[in-house]
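Working notes for the structure below.
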Amino acid sequence: MPRMNANVHAMPAPAPEPELAPELEILAPRLERSAEVLTPAALELVVTLHRKFNGRRLELLAARAQRQKQLDAGGVPEFLSITAATRADNWLVTPVPTDLLDRRVEITGPVDRKMIINALNAPVQAFMADFEDSSSPTWENMVSGQINLRDAVNRSISYFDPASGKSYRLGGRTATLIVRPRGWHLPEKHLLIDGEPASASLFDFAIFLANNHEALARAGTGPYFYLPKIESHLEARLWNEVFVAAQDALGMKRGTIKATVLIETILAAFEMDEILFELREHSAGLNCGRWDYIFSFIKKFRNRRDCVLPDRGTLTMDKHFLKSYVELLIQTCHRRGAHAMGGMAAQIPIRDNPQANDAAMAKVRADKTREALAGHDGTWVAHPGLAPIAMEAFDAVMSGPNQLRVMRSDVQVSAADLLRIPDGVITEAGLRQNIRVGVQYIEAWLRGSGCVPLYNLMEDAATAEICRAQLWQWIRHEARMDSGATVTAERFDSLLGAEFEQMQREVGMARVLSGAFPAAVRLFGSMVKNDSFDEFLTLPAYNFLP
């Protein structure tokens, strides 16, 4: 039996584990209170959705691989001719419920108990509870997260921090809850259905929906979701079919579920109209998932020497390819009556350095002002301390709950605009930063933490993916640095050794010996130097998790 998560310690005695149907097998030790969310009804919904849709999910993942072969052969993304009529027609998405009309500031974070309470109490409109990029998908984390959200929906959630002696409970007014399940590419290896791993997406979605849809309705809200890593309108169509089937199975009115799609892949940027159309009965808009978008850009064009990107730190939202993506998303959403959500600023408060903190907060303020002036209806923050800054930026621009009236008719974005490679240099400092962040993030992820503050920035799987993908691309194409030297596997190995020594000095040898640093260094090094590119770092890393 693994150590129980402190998030669920102070709870009543666990209910008996349910009898599992023969087609179900859970390959994990029993967790405290797991029977409260892994109920027969919830597991039945998982099985129903898995049997109906997992085959199609696997087909769409195979289509991704086929599309990658086309890109490797020199193909370039284009706006689809087959769906030109959809883009030309005048249609709207179904209006959203009242509690999704104003989303000017949303906070995001993992599904641990303290985070959920603090986020729901934060001075924001919504909280995205994240099973994906900011959570490490251990079985304990995923099941405990479902327990925590069930308690939050029922308003029974509390947490006592033994380190500080503080107790945490929900306040009278709380943010609207939105849940992000894991992406289509991820399996849930701990649950077998008919002998094959369940889809992590369907598992996260079905368990939350089955356990909470009735309580959410009683509270005057609904089951709202963020959908990650989508690459095509066909993948959005699959989600819509899942929503319809789940609502029918649970006796819910169709259209009750609302979902915001993260446009965080370069291919999805060419199908935003189509994605909204597929989900129009269930759509709550689109979001600029900027960090995953940059990673996707690198990944999709990784084998092209003319698509090598400069240092991560130079890839700011004023770059033409990113500015074009933002403006097209806003124009597309508002034409369809859908919300256009901004992205995440990576900065976090710096408590021990006022001067550095002022500089960081100035960057946040500028970023959120840029988003508001561009026409976004809201934005993301990762820390409650940033909420007032983001709120002020949007309040200064917005006269109502959103900016759906801002049509951005001035925007004309072509395929070339979305694909323009930004100018910039590659530096040794950039290499070193990618190594430091990549290794330390993977180390934390292997220990069960998917959201990590590093060097005054909040890093999650998306930002770590940029680090890993850039190093792979630079080595493969022997990219030239501003010093004139080239990036090679040998240079990477040398810098990895030097940076690991620096990490030991920063965190202490005791932490290095007790943590997962050796495994993280080996895993990161192999992914960076492999001839083939791992589609997501979380796939090989998942094999290391309990």
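The values are calculated or read from the model by the stated rules, or taken from the named source; none is laboratory data. Here the structure is a predicted model, which is why all the values come from computation and not from measurement. Here Cβ is always computed from backbone atoms with ideal geometry, including for glycine, and neighbour counts include all displayed protein chains. Ligands, DNA and RNA are excluded from the accessible area calculation, which covers all protein heavy atoms including side chains. Shrake-Rupley method; radii C 1.70, N 1.55, O 1.52, S 1.80 Å.
With respect to the stated conditions, residue 115 is without any contact (Cβ under 8 Å) to a residue 12 or more places away in the chain and under 19 Å from the mean Cα position of the chain (by Cα). Taken over region 362-384, the criterion of being surrounded by 24 or more Cβ atoms within 10 Å (Cβ to Cβ), under 25 Å from residue 451 (Cα atoms) and touching a Gly at 6+ places or on another chain (Cβ under 7 Å) is satisfied by 371, 378, 379, 380. For region 98-130, a tally of residues being under 25 Å from residue 271 (Cα atoms) and not acidic (Asp, Glu) returns 5. Residue count for region 375-384 satisfying the condition of being modelled with pLDDT of 95 or more and either over 15 Å from residue 286 (Cα atoms) or not small (Gly, Ala, Ser) (or both): 5. Filter region 188-219 for residues that are crowded, with 19+ Cβ neighbours inside 10 Å and either charged (D, E, K, R) or in a strand (DSSP E or B) (or both) and give the result. Passing the criteria: 188, 190, 191, 193, 198, 199, 204.
Could you tell me whether any residue of region 52-66 is outside any loop (DSSP other than H, G, I, E, B) and either of a type in the set (Val, Ile, Thr) or touching a strand residue (DSSP E or B) at 6+ places or on another chain (Cβ under 7 Å) (or both)?
yes
All of (1) open to solvent by 10 Å² or more (accessible area, probe 1.4 Å); (2) free of Cβ contacts under 8 Å to residues at least 60 places away in the same chain hold for residue 527 with one exception: (1). Determine whether region 354-374 contains at least one residue that is part of a loop (DSSP other than H, G, I, E, B), at pLDDT 95 or above and in contact with a helix residue (DSSP H, G or I) (Cβ under 8 Å, 6 or more places away or on another chain). No, the conditions are met nowhere in region 354-374. I'd like to know if region 384-401 contains one or more residues that are of a type in the set (Phe, Trp, Tyr) and either free of Cβ contacts under 8 Å to residues at least 60 places away in the same chain or not in a helix (DSSP H, G or I) (or both). Looking through region 384-401, none of the residues is of a type in the set (Phe, Trp, Tyr) and either free of Cβ contacts under 8 Å to residues at least 60 places away in the same chain or not in a helix (DSSP H, G or I) (or both). In a residue-by-residue description of region 221-231, the property of being assigned to a helix (DSSP H, G or I), hydroxyl-bearing (Ser, Thr, Tyr) and open to solvent by less than 10 Å² (accessible area, probe 1.4 Å) applies to no position. Cβ-Cβ distances below 7 Å connect the following pairs, each with a first residue in region 415-432 that is closer than 30 Å to residue 81 by Cα and assigned to a helix (DSSP H, G or I), a second residue that is open to solvent by 70 Å² or more (accessible area, probe 1.4 Å) and of a type in the set (D, E, K, R), and a separation of six or more residues or different chains: 415/78. Hey, any hits in region 259-270 for a residue that's part of a loop (DSSP other than H, G, I, E, B), open to solvent by 10 Å² or more (accessible area, probe 1.4 Å) and farther than 22 Å from residue 56 by Cβ? No, region 259-270 contains no residue that is part of a loop (DSSP other than H, G, I, E, B), open to solvent by 10 Å² or more (accessible area, probe 1.4 Å) and farther than 22 Å from residue 56 by Cβ.
With respect to (1) in contact (Cβ under 8 Å) with a residue 24 or more places away in the chain; (2) among the aliphatic types (A, V, I, L, M); (3) open to solvent by 10 Å² or more (accessible area, probe 1.4 Å), the lone exception for residue 359 is condition (1).
Could you check, for region 333-350, whether at least one of its residues is surrounded by fewer than 24 Cβ atoms within 10 Å (Cβ to Cβ) and in a helix (DSSP H, G or I)? Checked region 333-350: at least one residue is surrounded by fewer than 24 Cβ atoms within 10 Å (Cβ to Cβ) and in a helix (DSSP H, G or I). For region 87-110, a residue qualifies if it is under 19 Å from the mean Cα position of the chain (by Cα) and open to solvent by 10 Å² or more (accessible area, probe 1.4 Å), and the qualifying residues are 104, 108, 110. Would you point out the residue of region 37-86, among those that are open to solvent by less than 70 Å² (accessible area, probe 1.4 Å) and of a type in the set (Ser, Thr, Tyr), that is nearest to residue 244 (Cα to Cα)? Within region 37-86, the match that is nearest to residue 244 (Cα to Cα) is 48. Residue 521 falls short of the stated requirement of being at pLDDT below 95, more than 24 Å from residue 301 (Cβ to Cβ) and assigned to a helix (DSSP H, G or I). Would you please list the contacts, defined by Cβ atoms under 7 Å and residues six or more apart or on different chains, that run from a residue in region 403-414 that is in a loop (DSSP other than H, G, I, E, B) to a residue that is among the small types (Gly, Ala, Ser) and at pLDDT 95 or above? Sorted first by the residue in region 403-414, then by its partner, the pairs are 403/375; 404/337; 406/375; 408/375; 413/324. Every condition in (1) surrounded by fewer than 23 Cβ atoms within 10 Å (Cβ to Cβ); (2) assigned to a helix (DSSP H, G or I); (3) among the hydrophobic types (A, V, I, L, M, F, W, C) is met by residue 243 except one, and the failing one is (1).
Criterion applied to 286, 309, 322 was being of a type outside the set (Val, Ile, Thr), modelled with pLDDT of 95 or more and in a helix (DSSP H, G or I), and the one residue passing it is 322. Within region 286-320, the set of residues being open to solvent by less than 10 Å² (accessible area, probe 1.4 Å), touching an Asp or Glu at 6+ places or on another chain (Cβ under 7 Å) and closer than 22 Å to residue 410 by Cβ is empty. The set of residues in region 98-117 being in a helix (DSSP H, G or I) and under 30 Å from residue 33 (Cα atoms) consists of 113, 114, 115, 116, 117.
Restricting attention to region 459-504 and to residues that are aliphatic (A, V, I, L, M), touching a residue at least 60 places away in the same chain (Cβ under 8 Å) and assigned to a loop (DSSP other than H, G, I, E, B), the residue that is surrounded by the fewest Cβ atoms within 10 Å (Cβ to Cβ) turns out to be 479.
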